[in-house]
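Below is one structure, written out as structure tokens, with a few remarks after it.
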Amino acid sequence: MSNPWRGEVALEIDGQRHVMRLTLGALAELEAMLEDGTLLDLVRRFESGSCSTRDVLALIVAGLRGGGWPGTAQDLVSAEIGGGPLLAARAAAELLAHAFALPGETG
């Protein structure tokens, strides 16, 4: 079970449940991967609904890495995500909300 108080979000990939979390290290990796601006720009894209699939993938990879997953974005190219792209985008948005909210603000 994921723990939202720790900023954790669960996602099913290829039938296996993974817990994602944006740790400081994962956020640093994410920022290094971003082609379009900073983390704040990424947050703005999600808030405005103008995020790209590249944004979603970058967030999912960062969250998985923060949760201890050793893979890369390439490992997810042919992966089956439970709930499809829409659920992946929602999970990515939830990761951002948890990472940049004070305790008790999300839920």
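The values are calculated or read from the model by the stated rules, or taken from the named source; none is laboratory data. Bear in mind that the values here come from a model prediction, so they are computed numbers and not experimental data. Cβ coordinates were reconstructed from backbone atoms using ideal geometry, including for glycine residues, and neighbour counts include every protein chain displayed.
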Output the number of residues of the stretch 53-85 satisfying the condition of being under 14 Å from THR23 (Cβ atoms) and either in a loop (DSSP other than H, G, I, E, B) or not β-branched (Val, Ile, Thr) (or both). 9
Within the stretch 12-23, residues being surrounded by fewer than 17 Cβ atoms within 10 Å (Cβ to Cβ) and either closer than 14 Å to ALA99 by Cα or touching a residue at least 60 places away in the same chain (Cβ under 8 Å) (or both) number 3
When you scan the stretch 31-51, do you find a residue that is part of a loop (DSSP other than H, G, I, E, B) and in contact (Cβ under 8 Å) with a residue 40 or more places away in the chain, even just one? yes
Residue identified as surrounded by 15 or more Cβ atoms within 10 Å (Cβ to Cβ), in a helix (DSSP H, G or I), in contact (Cβ under 8 Å) with a residue 60 or more places away in the chain and among the small types (Gly, Ala, Ser) among ALA97, ALA26, ALA93, ALA88: ALA88
How many of the residues in the stretch 52-79 are of a type in the set (Asp, Glu) and either touching a Gly at 6+ places or on another chain (Cβ under 7 Å) or modelled with pLDDT of 95 or more (or both)? 0
Can you find a residue in the stretch 56-66 that is crowded, with 16+ Cβ neighbours inside 10 Å, free of Cβ contacts under 8 Å to residues at least 24 places away in the same chain and in contact with a Ser or Thr (Cβ under 6 Å, 6 or more places away or on another chain)? no
Neighbours by Cβ (under 7 Å, 6+ apart or cross-chain): first from the stretch 68-84, more than 26 Å from LEU24 (Cβ to Cβ) and among the polar types (S, T, N, Q); second at pLDDT 95 or above and outside any helix (DSSP H, G or I): none
